[in-house]
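Trainee: Sharing a structure, written as structure tokens. Questions coming.
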């Protein structure tokens with residue numbers, strides 16, 4: 001089974017991919033502090049192609065939004081200038097906006 005779940009903060013406003021897709025980067029805390037005292041963060045490259053999910057992203061998600069996503073990991077092979085790169089993207093199956101309660 002290829003299933004990943006993440007909770008994090010959207011780094012920048014989502015960007016359109018072609019006519020039907022959308023992409024954004026999600027910052028997820030790793031749960032520990034680095035030597036300098038800052039939180040350790042992993043950045044997740046997220047893409048969505050499902051019309052329902054893309055609609056939710058366009059209507060509810062922007063830079064700074066907290067979201068929970070269910071994804072599938074996909075590795076893409078990219079060749080540029082004779083060099084081969086591998087990029088992991090996480091294809092979003094479902095997304096939920098998380099609202100931080102205010103005091």
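What follows draws every value from the coordinates through simple rules; no lab data is involved. Source: prediction; values computed, not measured.
Trainee: Taking 2.2 N^0.38 Å as the expected size of a compact globular protein, what ratio does the Cα radius of gyration of the chain give against it, to two decimals? Write out the running numbers ahead of the final one.
Mentor: On the way: Rg = 15.0 Å, N = 103, 2.2 N^0.38 = 12.8 Å.
For the chain, the normalised Cα radius of gyration is 1.17.
Trainee: Kirkwood Rh, Cα Rg: Rg to Rh for the range 56-103? It would help to have the intermediate numbers written out before the result.
Mentor: Values: Rg = 15.9 Å, Rh = 13.3 Å.
Ratio of gyration radius to Kirkwood radius for the range 56-103: 1.19.
Trainee: Counting each DSSP H run of 4 or more residues in the chain as -39500 (n - 2.57), what helix-only mean residue ellipticity at 222 nm follows after dividing by all residues, to the nearest 500 deg cm²/dmol?
Mentor: Numbers: 1 runs with 10 residues, N = 103.
Result for the chain, helices only: -3000 deg cm²/dmol.
Trainee: Would you mind telling me which residue in 43, 24, 90 has the biggest mean-square fluctuation in a Gaussian network model of the chain, where springs connect alpha carbons within a distance under 10 angstrom?
Mentor: Top of the fluctuation ranking is 43.
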